[in-house]
Structure formats: structure tokens, C-alpha cells
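Here's the structure we're looking at; comments come further down.
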Amino acid sequence: MLERARRAIAITVSLAVILTGPAAAVARAQAWTDGTCVVRITRFVWEPTRVHAGDHAKLVLRAKNCTDQTVEVSVTEYGKQIPPCPTLDPIGSSATIEPKGHFRPDPLRLVAPSCDGVEVVVVKLFGSDGAHLARASATLHITTG
């Protein structure tokens, strides 16, 4: 079942989940090189933030190129081990973000597993040289009752 869910997620490659959480739940991250932002994650959140087992959710990722140059990024998304809910295997993708442009991949969609707990997903953006540019995490609360 986990392999099937991972494949469904890999098809969409991007992160996004159905959330109804408050704006305060939006994760923000910035990367700075010599005091200058290269890429900033402007939104990384599950929609909704709370679901019941079997409900659909999506994980939304938005990032902005802070520079006047095209930026090549690799994106790695993975789950953190928080029992009893299963952990999402790493998913990788890449993108080119135009100068001052935005990165808006399709949402990652998930059917909530049958567990009482949380799904925490981390996203990391790296430059073409392997430099870490930005990081954020998003938490989905799941209940079976």
C-alpha cells in the first residue's frame, strides 16, 4: 500500500495537500548567500492541515527566485519518521526558476493513512552546485475517529 501511495505521489512530483488551516500554518523558509536571498520558499503547507483516515489532502509548495538570474534547483521532499503513521519515501525533482520568477509545481496528493498521528514532510531546495538554498516542513494531523 505504501509503495502504491508513493507512486501516486511521484506521478504528481510536486507537493500539495488539501488544507483548511489558518494562514499561520504556512511554513516559510529563506536561504541566504552572502546576505542575498537566492530562493525563498513562500508556501509549504498541507491543505487541509487536519484530516480523517481516508480523506484526501494535498501538499502545496511555492517558491520565489530572489535573483535577477535564472536558477536551476533540485527539490527533495521526504517524510520524517513519527510513528504510528507511515513515512513518505523521498521524492526528487528539478526545476528552472526564471529571474524574479515563481516555482509552483502541481500539488502532491495523498489519501490519509489509517493512523492516529501526523505526517511531517520536509522539502529542501538545492542549487545546481549542490548548495542548500531553502528548507521548510509541513505537518498533517490524521485521526481515525
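The values are calculated or read from the model by the stated rules, or taken from the named source; none is laboratory data. Keep in mind it's a predicted model, so treat the numbers as computed, not measured. In this analysis, Cβ positions are derived from the backbone assuming ideal geometry, glycine residues included, and neighbour counts consider all displayed protein chains.
Candidates in the stretch 73-97 are the residues that are under 22 Å from Thr49 (Cα atoms) and among the polar types (S, T, N, Q); of these, the one that is surrounded by the fewest Cβ atoms within 10 Å (Cβ to Cβ) is Gln81. Would you say Gly145 is modelled with pLDDT under 95 and more than 17 Å from the chain's Cα centre (by Cα)? It is true that Gly145 is modelled with pLDDT under 95 and more than 17 Å from the chain's Cα centre (by Cα). For the stretch 73-92: of the residues being modelled with pLDDT of 95 or more and among the polar types (S, T, N, Q), which is nearest to the chain's Cα centre (by Cα)? Checking each candidate, the answer is Thr76.
The set of residues in the stretch 103-145 being in contact with a helix residue (DSSP H, G or I) (Cβ under 9 Å, 6 or more places away or on another chain), surrounded by fewer than 17 Cβ atoms within 10 Å (Cβ to Cβ) and more than 18 Å from Thr42 (Cα to Cα) consists of Val111 alone. With respect to the conditions (1) of a type in the set (Lys, Arg); (2) modelled with pLDDT under 90; (3) exposed (fewer than 12 other Cβ atoms within 10 Å of the Cβ), Lys100 lacks only one, and its number is (2).
Restricting Thr70, Thr42, Thr49 to those that are modelled with pLDDT of 95 or more, under 21 Å from Ser114 (Cβ atoms) and β-branched (Val, Ile, Thr) reduces the list to Thr49.
Scanning the stretch 95-145 for residues that are within 15 Å of Val71 (Cα to Cα), in a loop (DSSP other than H, G, I, E, B) and touching a residue at least 24 places away in the same chain (Cβ under 8 Å) yields Glu98, Pro99, Lys100, Gly101, Arg104, Ser128, Ala131.
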